[in-house]
1. List every residue pair whose Cβ atoms lie under 9 Å apart, where the two residues are 6 or more positions apart in sequence or sit on different chains, the first residue falls within segment A:257-282 and is within 24 Å of residue A:205 (Cα to Cα) and within 16 Å of DNA strand B (Cβ to nearest atom), and the second residue, located anywhere, is modelled with pLDDT under 60 and in a helix (DSSP H, G or I).
2. Can you give me the number of residues within segment A:460-516 that are more than 10 Å from DNA strand B (Cβ to nearest atom) and assigned to a helix (DSSP H, G or I)?
3. Only residues that are among the β-branched types (Val, Ile, Thr) and closer than 13 Å to residue A:213 by Cα: list them for segment A:144-170, please.
4. Out of the residues in segment A:503-532 that are within 17 Å of the chain's Cα centre (by Cα) and farther than 15 Å from residue A:470 by Cα, which is modelled with the lowest pLDDT?
5. So which residues in segment A:462-476 are at pLDDT 95 or above and more than 24 Å from residue A:538 (Cα to Cα), if there are any at all?
6. Can you pull out the residues in segment A:517-544 that are within 16 Å of DNA strand B (Cβ to nearest atom), among the charged types (D, E, K, R) and farther than 18 Å from residue A:200 by Cβ?
7. Of (1) under 23 Å from residue A:505 (Cβ atoms); (2) touching a helix residue (DSSP H, G or I) at 6+ places or on another chain (Cβ under 8 Å), residue A:167 satisfies all except one. Which?
Amino acid sequence: MRASWADLAANTAAENAGAGTSVNNAGTGNSLPPSRSTYVPPHLRNRRPLAESPAPPYSGSTTSGSGAGTANAGSRWGAPRAENRSGVGSSGGRGNVWGNRSAGWDRGRDREVNPFGDQDDTEQPFNEQENSGINFDAYEDIPVETSGDNVPPPVNTFAEIDLGEALNLNIMRCKYVKPTPVQRHAIPISLAGRDLMACAQTGSGKTAAFCFPIISGILRGQPVQRPPRGVRTVYPLALVLSPTRELSMQIHEEARKFAYQTGVKVVVAYGGAPINHQVSLQLLESRCCIAYNEISYLSMALRDLEKGVDILVATPGRLVDLLERARVSLQMIRYLALDEADRMLDMGFEPQIRKIVEQMDMPPPGVRQTMLFSATFPKEIQRLASDFLSRYIFLAVGRVGSSTDLIVQRVEYVQESDKRSHLMDLLHAQRANGVQGKQALTLVFVETKKGADALEHWLCMNGFPATTIHGDRTQQEREMALRSFKSGNTPILVATDVAARGLDIPHVAHVVNFDLPNDIDDYVHRIGRTGRAGKKGLATAFFNDNNASLARSLAELMQEANQEVPAWLSRYAARSSFGGRNRRSGGGRFGGRDFRREGSFNRGGSDYYNAGNSSGGYGASGGYGGAYGPGASSAWD
DNA sequence: AAAAAAG
């Protein structure tokens, strides 16, 4: 006999109940070892344990007669709502969405920490609308393109989609008034069960775009029985992969807000993390009797994991490790999301990703639902990515506020040997202009880790408080640097490409490409760290002969973005002909276009857009071309 | 060639 969910729930409930007064834990008889790390599925949390009837596996569609299945089907969506009216109202802000059922993890030492509470902290002197920090007025002229079969129509409000009470409440807590363009399109697509390849900036609510459908889907999905491979193996229902630890942290933090009090558990796993950052807050709160420093980071991550996970956010390396140790099984994965998907599939990451997605026990495309997000989507990468997708919809969303050029891009010719003094000039000017107030942050990108350390040191020596983030620093140092920068304590951050993608750092006024990247897409991601949340941004690049290969794509990009292209750069661009590798694949208004549309026929420029399914709601695709600006700028993130 | 990601 296999262990059922009901059994697991009963065990946990008994454990949570302390002396186990009301719960009969006997009679669940099976070979399951006495488990301290039992998993409680979302739909069983916060509710009284059921004694019988294993829930069907997710692939099955039948619910077992009298047991968990039937009872839950109603309670998941029906009952909570009824309870809400009184529950939320009477309990004020504290409101337990699920009424007063309080078994599960919202109790005792496992009390779910309010993720909305920890934003105050010393780290956040800027208390404007960080959450909703999007210029909602700029929405209407955002260009959107979709292609694929039977694209579900976009929605205009969250109310149009039934995400469930708990999720709606969290949306309110996040101060999201209405969905962003990417959300308007991506959420209906995902809710319809379709695979998705989406080009969109991070600041646009991309994380929510894939989190909402996942959480909603988990809550309303068939209860699953996760096979008992041993109590130490966990079976997440959703997997979110991202290329850097900091980005995984960021996604986790956001996802926790969205999942708050839904019963859906979000866990993050990444390498090299100090205990108090990777370990869940619940665990910290419990102050369990463990000498933290005697326990490896990994074991703490595992301990956290063992408490059960529905949505696992991870970096590839650590996940592979967990998979090889059989601490995680992907057998039950229903949702797979790759953030910065083009990075995840580039040469460095592809083998690991293929291993995770294709060579472990993850359900194949068509069985699971797959969502890929990035701002840049080179054609070659799209081709690779299509292996992971089934009948997918391609979605390209322009940049919020794109009609105004939020980012001013400058390129200056600076010899290698002059870079430091030139940077110093910029910083001095900034200071003089008062641009570098407490809130004006400068992010300086360099090519190498050693270069980052050297430059940081030199800046500090010269009276500019700087810190650095790169892969040779300990995770603790990395996170400290990021916090110090965000808080304005150290208003200059010298970074390698580890900080190029996805990180949402408010108040970055200036991005300096001290060393230009070799790939134009990297440039796009880098400068996308500024000009966010409707604020203006400045991006300055130091260009010299070493960057000749980038000249053409850079000039094109700047021209598309209505930026002033220096004559000398144009000459460079003209000289470097066959700009094969570095040419932007998509060009134009989006971070990419559907490569499926670029067959031997139909390669005409604007025809392409009209060939795809019109997105609806935005009028004809030709209409916004001018207003939007030839926006390479759409490709942020 | 470099960066990221496991320890």
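The values are calculated or read from the model by the stated rules, or taken from the named source; none is laboratory data. Note that the structure is a prediction, hence the values are computed from the model and not measured. Here the Cβ positions follow ideal geometry from the backbone for every residue, glycine too, while neighbour counts run over all protein chains shown.
1. Going by the 9 Å Cβ cut-off, the qualifying pairs are A:268/A:278; A:269/A:278; A:270/A:278; A:278/A:297.
2. 13
3. A:161
4. Filtering segment A:503-532 down to residues within 17 Å of the chain's Cα centre (by Cα) leaves A:503-506, A:525-526, A:528-529, A:532.
Still in the running and farther than 15 Å from residue A:470 by Cα: A:504-506, A:525, A:528-529, A:532.
On the way: A:504: 89, A:505: 91, A:506: 88, A:525: 91, A:528: 87, A:529: 89, A:532: 72.
That would be A:532.
5. Those that are at pLDDT 95 or above and more than 24 Å from residue A:538 (Cα to Cα): A:471, A:472, A:473.
6. A:519
7. Tallying (1) under 23 Å from residue A:505 (Cβ atoms); (2) touching a helix residue (DSSP H, G or I) at 6+ places or on another chain (Cβ under 8 Å), residue A:167 fails exactly one: (1).
This table checks each residue for (1) in a helix (DSSP H, G or I); (2) surrounded by fewer than 24 Cβ atoms within 10 Å (Cβ to Cβ); (3) within 14 Å of the chain's Cα centre (by Cα); (4) not aliphatic (A, V, I, L, M).
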| position | (1), (2), (3), (4) |
| --- | --- |
| A:175 | no, yes, no, yes |
| A:184 | yes, no, no, yes |
| A:212 | yes, no, yes, yes |
| A:232 | no, yes, no, yes |
| A:236 | no, no, no, yes |
